[in-house]
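Visitor: This is the structure, below, for whatever I ask next.
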Amino acid sequence: MNKDEKIKILRDLIKIKSVNGNEAKITDYLVKIFENQNIKVQPDYFDENSANFVAEIGEGKGPVLCFEGHQDTVAIGDEKQWEHNPFEAEVVGDNIYGRGAADMKSGLAAAVIALIELNEKERIPGKIKLIATAGEEFGAKGAYRLVESNVLDEVSAMVVGEPTAGRVVHAHSGSLNYRIKSFGKAVHSSIPERGINAITGLNYFINAEKRIFANTPLDPVLGEFKHSITTIKGGSQVNIVPDYAELYGNIRPTMVLGNQKVKEILTKVIKELNEEHKLRLELEIVHDFFPMSTPAENIFVKQVVKAASENFGSKASLGIINGATDASVYVKKYSKLPVVVLGPDTWKIAHQTDEMTSITSYMNTIETYKKIARLFFE
């Protein structure tokens, strides 16, 4: 496959609008590409416009390497703010612009091309799978659907193609989203003493949240524990004491302070606040994604670093991120699965206006993925 053909595949993917739950058209496109190459595919269509996709090459008698990515993107926001049309995949110099160019259609396209070229030229004494999921940006519903099946049961190691600019990410935090509901009693604001202000209940929690996570342990790999209150709403009009208010918070669990312990801490503080201040607070866990950490000395991590170094040079450093990926879902079931995150360009430009990836980084990723496969099966 020549350079122009590789660029066309990425541009085609960017041009397909797959915002939050519209991945079936991406799957349709991938099915055609792989069937034209006589590569085994397994599309899985569900809901109205969602789909997971699995392709597989190799003789099937050895270990199984998996390249993983998601097909969906976040919304474009105000299109008027875009200098480059988010769905035209405009090429300017070494850059390709468009929603999903970085996160993560470039990583997905790189894995597609790597599988095709490996299938053409290499003997694979095991299997290589490509998994493309639905809904990663919106609750990881595709990844959860996969772990309910047996698709990943035989996988020996995984590369998640999120944008890292060639940096090898061997660990990332989890992501736990929660909602606190506060119930009160509505009255006219001229007689507040007869009501119960639901916003006051949230205020107690906000103050407590700072305290309960004030001295959290430092993770030796993932570092500082992160926590934030991110949205809050309550009340209907200015002259009514509100009977309901709610807030959302986000926590980044680590291997030292994991998801279950975080949930126990939140449950305990809600119980204490309700008892001490006669409140009606309720806790709801919205999303519960686990941290991922593969030891730096793991042989697969070393193979990936070697492959990335040959193609990205000094950019191929070993590192961590505080974001979460589909791997958060997989490691909950497959706790010993070695996982790394590696893809073109950087997380910094993902989700932004005029999102882009560089052609150079994209091409380097293709070659890196092929090298990873060769090292893996040596």
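Visitor: Would you check which residues across the stretch 139-182 are surrounded by fewer than 21 Cβ atoms within 10 Å (Cβ to Cβ), assigned to a loop (DSSP other than H, G, I, E, B) and within 12 Å of the chain's Cα centre (by Cα) and list them?
Guide: Gly139
Visitor: Any idea which of (1) on the phi < 0 side of the Ramachandran plot; (2) of a type outside the set (Ser, Thr, Tyr); (3) at pLDDT 95 or above is the one Lys278 doesn't satisfy?
Guide: Failed condition: (1).
Visitor: Then there's this: In the stretch 222-241, which residues are open to solvent by 70 Å² or more (accessible area, probe 1.4 Å), touching a Gly at 6+ places or on another chain (Cβ under 9 Å) and more than 23 Å from Asp288 (Cβ to Cβ)?
Guide: Across the stretch 222-241, there are no qualifying residues.
Visitor: Separate question: Just the residues that are hydroxyl-bearing (Ser, Thr, Tyr) and open to solvent by less than 10 Å² (accessible area, probe 1.4 Å), please, taken from the stretch 242-267.
Guide: Thr254
Visitor: Has the stretch 27-49 got any residue that is of a type in the set (Lys, Arg) and within 24 Å of the chain's Cα centre (by Cα)?
Guide: Checked the stretch 27-49: no residue is of a type in the set (Lys, Arg) and within 24 Å of the chain's Cα centre (by Cα).
Visitor: Okay, moving on. Could you tell me whether Ala296 is under 17 Å from Ala165 (Cβ atoms) and either hydrophobic (A, V, I, L, M, F, W, C) or out of contact with any Pro (no Cβ under 8 Å at 6 or more places or on another chain) (or both)?
Guide: Here the answer is no, as Ala296 does not meet what is asked.
Visitor: For residues that are open to solvent by less than 60 Å² (accessible area, probe 1.4 Å) and over 23 Å from the mean Cα position of the chain (by Cα), tally how many sit in the stretch 278-302.
Guide: Summing the residues that are open to solvent by less than 60 Å² (accessible area, probe 1.4 Å) and over 23 Å from the mean Cα position of the chain (by Cα) in the stretch 278-302 gives 3.
Visitor: May I pose another question? What pairs come out if I take residues in the stretch 4-28 that are farther than 19 Å from Ile131 by Cβ and pair them with residues that are hydroxyl-bearing (Ser, Thr, Tyr) whose C-beta lies under 7 Å away, six or more apart or interchain?
Guide: Final answer for the pair search is Asp12/Tyr29; Val19/Thr73.
Visitor: Sticking with this one: For Ser328, all conditions in the list (1) surrounded by fewer than 18 Cβ atoms within 10 Å (Cβ to Cβ); (2) polar (S, T, N, Q); (3) closer than 30 Å to Ala75 by Cα hold save one; what is the number of the exception?
Guide: (1)
Visitor: Report the residue count in the stretch 336-366 for those that are of a type in the set (D, E, K, R), modelled with pLDDT of 95 or more and buried (at least 21 other Cβ atoms within 10 Å of the Cβ).
Guide: Total satisfying the criteria: 1.
Visitor: Let me spell it out: the conditions are (1) open to solvent by 10 Å² or more (accessible area, probe 1.4 Å); (2) assigned to a loop (DSSP other than H, G, I, E, B); (3) in contact (Cβ under 8 Å) with a residue 40 or more places away in the chain, and Ala214 meets all of them except one. Which number is the exception?
Guide: Ala214 satisfies every listed condition except (3).
Visitor: Pull up the stretch 303-317, narrow it to residues that are among the aliphatic types (A, V, I, L, M) and modelled with pLDDT of 95 or more, then point me to the one that is surrounded by the most Cβ atoms within 10 Å (Cβ to Cβ).
Guide: It comes out as Val304.
Visitor: Name the single residue that is nearest to Asn119 (Cα to Cα) among those in the stretch 29-54 being open to solvent by 30 Å² or more (accessible area, probe 1.4 Å) and in contact with a strand residue (DSSP E or B) (Cβ under 8 Å, 6 or more places away or on another chain).
Guide: Lys40
The values are calculated or read from the model by the stated rules, or taken from the named source; none is laboratory data. For clarity, every value in this text was computed on a predicted model and none was experimentally measured. Counting neighbours? That spans all protein chains shown, and the Cβs are built from the backbone with ideal geometry, glycine included. These area figures cover heavy atoms from the full protein model, side chains too; ligands, DNA and RNA do not enter into them. Shrake-Rupley method; radii C 1.70, N 1.55, O 1.52, S 1.80 Å.
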